[in-house]
Structures are given as C-alpha cells and as structure tokens.
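Encoded as structure tokens, the structure appears first; notes follow it.
The values are calculated or read from the model by the stated rules, or taken from the named source; none is laboratory data. Not measured: the values here are computed from a predicted model. Note that we place each Cβ from the backbone using ideal geometry, even for glycine, and neighbour counts take in every protein chain shown. Accessible surface is based on the protein model in full, side chains and every heavy atom, while ligands, DNA and RNA are left aside. Shrake-Rupley method; radii C 1.70, N 1.55, O 1.52, S 1.80 Å.
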Amino acid sequence: MIDIKTSFETIKYRSPVPVRGVAIDSNRFLKVRVLERDYYLSVLPGLHNVTIEELDFKVKYFFSHYDLDFKSIDFSVKFFNLVHLKDVFLDSIKEETLFNIEAILLGMIKTTHPHLFSHDSIAINLLYNDKDGAEFYLDADCVKIKIAPGRVDHTIKTINELYKINPEMIYRLDGNKRFELNELIEFEHALKNGISSVAFSKIDYIEEPFKNFYDTTIFTKRSHLLIAIDESYKNYMGVQDLFYPAVIKPSLIGISPVYSWLGSHMENRAIISSSFEHPTVLVSLQFLAALRPNEFHGLENFLPKL
C-alpha cells in the first residue's frame with residue numbers, strides 16, 4: 001500500500017484540441033503525487049465514460065488498499081501482475097480507469113526497472129491546425145488532417161500547400177465517422193482531381209470515415225485508399241486477422257490489454273494515439289508505441305511541460 005495525495009488543477013492546452021467535433025481550450029486534471037512524482041490524469045468530455053471525481057476515488061482506493069509485488073512483472077496482465085488479489089473492486093475497474101492506474105504503475109516500473117523500456121525515439125504524426133499554417137509543418141514527416149463532407153476544397157488547399165513545402169511528407173486523413181458512402185466516394189474523386197498524383201500517393205490512410213462502419217467493405221472494393229479503424233477498434237480486438245490498420249487509444253482500453261494485443265498481432269499495423277494526455281502520462285503511450293517502431297504515432301503533446 002502506498003500513500004498518495006491528489007488535487008485538481010485546470011490547465012490550458014497550447015492550442016484548442018478537437019473532441020467529438022468540439023474544440024476545447026482547457027481541461028480539469030487530477031494531479032496525483034506518488035513516491036514524490038506527479039502524474040496529471042484527465043478525461044475528455046464526450047469521449048471517456050468516467051468522471052474526474054470517479055477517477056480520483058478509484059485511484060486513491062487502489063493505491064491505499066493493495067500491496068504491489070514487482071517480482072514478476074508481466075505487461076500483458078491486468079495491473080502488470082503487480083496485484084495478485086482478485087476482488088469485486090478490481091473486477092469492476094473500467095478500462096479508462098485501468099489505463100490511468102496502469103500509467104502510474106508504469107511510471108513506477110520505469111524507475112525501478114529502466115531496462116524494460118526502449119530508449120529509441122518515437123516517430124509521430126502532427127495534427128494539422130489551420131492557425132499554424134503550412135510552414136509550421138515544414139519539417140514534419142507525417143501530418144494528420146481532419147476532413148469532413150463539404151470541405152474537400154479545404155483539404156485540397158491544405159495538401160497542396162504542404163506538398164509544396166515538403167514533397168516527401170505523408171498525409172493521414174481523419175474522417176471522424178462523418179461520411180456516408182457516396183460522400184466519401186465524391187470526396188475522393190474531387191481530391192484526385194485537385195492534387196497531384198504524387199501527392200495523392202502520399203495518403204497513408206483515411207481514419208474511420210463512415211457513419212456506418214460496414215460501408216468500409218464497399219468502399220475498399222471501389223478505392224485504392226486504405227481505411228484505418230479508430231473508435232471501432234475495441235469491437236475487433238478479438239479478431240485474429242484484422243485487415244485494417246488500427247489506430248489505438250489506450251485511454252479507452254487500458255495499457256495491459258493493448259500490450260497483449262500488439263504482441264499477439266505482430267503483423268497488424270498499429271498506431272498508438274493519445275487522447276491529449278499530459279506529458280507526465282505520455283510515457284505509457286511511448287512504451288506501447290515502441291512496440292511498433294516503424295509507424296508514425298499520434299503522440300503530439302498539446303500541453304505545457306512542467
């Protein structure tokens with residue numbers, strides 16, 4: 001059992017972040033002090049199903065009621081095999097709470113067992129922001145662009161500007177479940193006519209574009225563009241052979257389940273994506289991203305460092 005202290009703190013993002021179609025300027029964070037180290041935990045409105053108050057209660061209860069055994073660490077097991085007891089409380093932990101508790105545990109393990117962690121740098125894709133302008137992304141290798149029906153002209157303009165300053169850049173398009181099948185077909189047709197064939201070939205994939213996921217099958221038969229899954233990933237974790245790149249938000253699932261899945265699906269493309277977590281928690285996402293060193297991961301930091 002470990003004594004911890006918690007408090008709440010509101011922190012402004014460096015720039016507004018998009019959450020389910022709404023841009024938020026700041027968020028309320030749970031500050032957790034464990035063994036003289038601070039972690040800032042968060043939930044996003046409309047994305048996570050737990051409240052920050054619930055998170056506060058569950059984190060304090062966990063660390064004040066359970067002994068941790070670091071002798072047999074197993075990252076693929078819930079709580080990394082540090083807790084050997086099973087009871088109603090642990091069984092009732094939601095995936096989003098599991099992620100935050102495991103993020104703290106991972107920080108502790110990194111201190112005591114640094115050899116278990118990769119020290120290689122992680123390649124990331126930057127999220128395009130109109131306010132920054134194309135020049136801001138001059139040195140970026142991969143940029144993620146939000147798209148929507150009726151805004152193909154904006155996407156064409158953005159890609160043409162980015163291509164002009166860096167012809168080697170890779171683009172990822174994020175549809176956020178906004179498209180009907182016919183809308184994306186029309187969007188792709190306009191995009192092909194509006195950008196060069198070389199720039200079009202630099203599109204890595206479109207992330208979860210359809211309101212109806214099953215339109216994905218029809219679209220992939222008509223198009224050469226690759227579709228990646230994001231929010232639907234949880235529904236396909238049990239599928240042995242996933243045919244789409246998986247954009248994985250561990251904050252919705254937990255760290256240990258994602259670690260286990262990555263290990264059992266070595267041939268599957270996987271991109272680790274943050275939910276705009278604080279830098280004190282990003283170590284957990286970097287840990288998972290290191291298991292796919294050849295991918296660009298969505299780990300851009302939108303919060304000020306301490």
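Tabulated data
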quantity: Every pair of residues 6+ apart whose Cβ atoms lie under 6 Å, when the first sits in segment 1-15 and is over 9 Å from R33 (Cα atoms) while the second is open to solvent by less than 30 Å² (accessible area, probe 1.4 Å) and in a strand (DSSP E or B); calculated: E9/F29; I11/F29
quantity: Selection count where residues are touching a Ser or Thr at 6+ places or on another chain (Cβ under 9 Å) and open to solvent by 20 Å² or more (accessible area, probe 1.4 Å), scope segment 265-286; calculated: 2
quantity: Among (1) within 19 Å of F75 (Cα to Cα); (2) of a type outside the set (V, I, T); (3) out of contact with any helix residue (DSSP H, G or I) (no Cβ under 7 Å at 6 or more places or on another chain); (4) open to solvent by 10 Å² or more (accessible area, probe 1.4 Å) - the single one A289 does not satisfy; calculated: (4)
quantity: Lone qualifier among K192, K211 - being more than 21 Å from L127 (Cα to Cα) and without any contact (Cβ under 8 Å) to a residue 12 or more places away in the chain; calculated: K192
quantity: Selection from segment 159-178 of residues that are β-branched (V, I, T) and more than 21 Å from I227 (Cβ to Cβ); calculated: I165
quantity: Subset of segment 86-101 that is more than 27 Å from P279 (Cβ to Cβ) and of a type outside the set (S, T, Y) - its residue that is most open to solvent (accessible area, probe 1.4 Å); calculated: K86
quantity: Evaluation of V83 against (1) open to solvent by 40 Å² or more (accessible area, probe 1.4 Å); (2) more than 30 Å from E168 (Cα to Cα) (one fails), failing number; calculated: (1)
quantity: The lone exception for I104 - which of (1) over 14 Å from I165 (Cβ atoms); (2) open to solvent by 60 Å² or more (accessible area, probe 1.4 Å); (3) not basic (K, R) it fails; calculated: (2)
quantity: Selection count, segment 57-66, where residues are touching a residue at least 12 places away in the same chain (Cβ under 8 Å), open to solvent by 40 Å² or more (accessible area, probe 1.4 Å) and either within 14 Å of M108 (Cα to Cα) or within 26 Å of the chain's Cα centre (by Cα) (or both); calculated: 1
quantity: Cross-chain or 6+ apart pairs with Cβ under 7 Å, segment 262-288 first and basic (K, R), then open to solvent by 10 Å² or more (accessible area, probe 1.4 Å); calculated: R269/E295
quantity: Test: residue in segment 111-120 that is in contact with a helix residue (DSSP H, G or I) (Cβ under 8 Å, 6 or more places away or on another chain) and surrounded by 15 or more Cβ atoms within 10 Å (Cβ to Cβ); calculated: no
quantity: Checking P18 against (1) over 23 Å from the mean Cα position of the chain (by Cα); (2) touching a residue at least 60 places away in the same chain (Cβ under 8 Å), the condition it does not meet; calculated: (1)
quantity: Test: residue in segment 81-91 that is in contact with a Phe, Trp or Tyr (Cβ under 9 Å, 6 or more places away or on another chain) and on the phi > 0 side of the Ramachandran plot; calculated: yes
quantity: Among residues of segment 226-248, those that are at pLDDT below 95, in contact with a Leu (Cβ under 9 Å, 6 or more places away or on another chain) and open to solvent by less than 20 Å² (accessible area, probe 1.4 Å), counted; calculated: 3
quantity: Residue pairs meeting the criteria (Cβ under 8 Å; at least 6 apart or on separate chains; first over 14 Å from K177 (Cα atoms) and touching a residue at least 40 places away in the same chain (Cβ under 8 Å), in segment 223-251; second part of a loop (DSSP other than H, G, I, E, B) and open to solvent by 70 Å² or more (accessible area, probe 1.4 Å)); calculated: P245/R269
quantity: Tally of residues being more than 17 Å from the chain's Cα centre (by Cα), in a strand (DSSP E or B) and aliphatic (A, V, I, L, M) across segment 164-183; calculated: 1
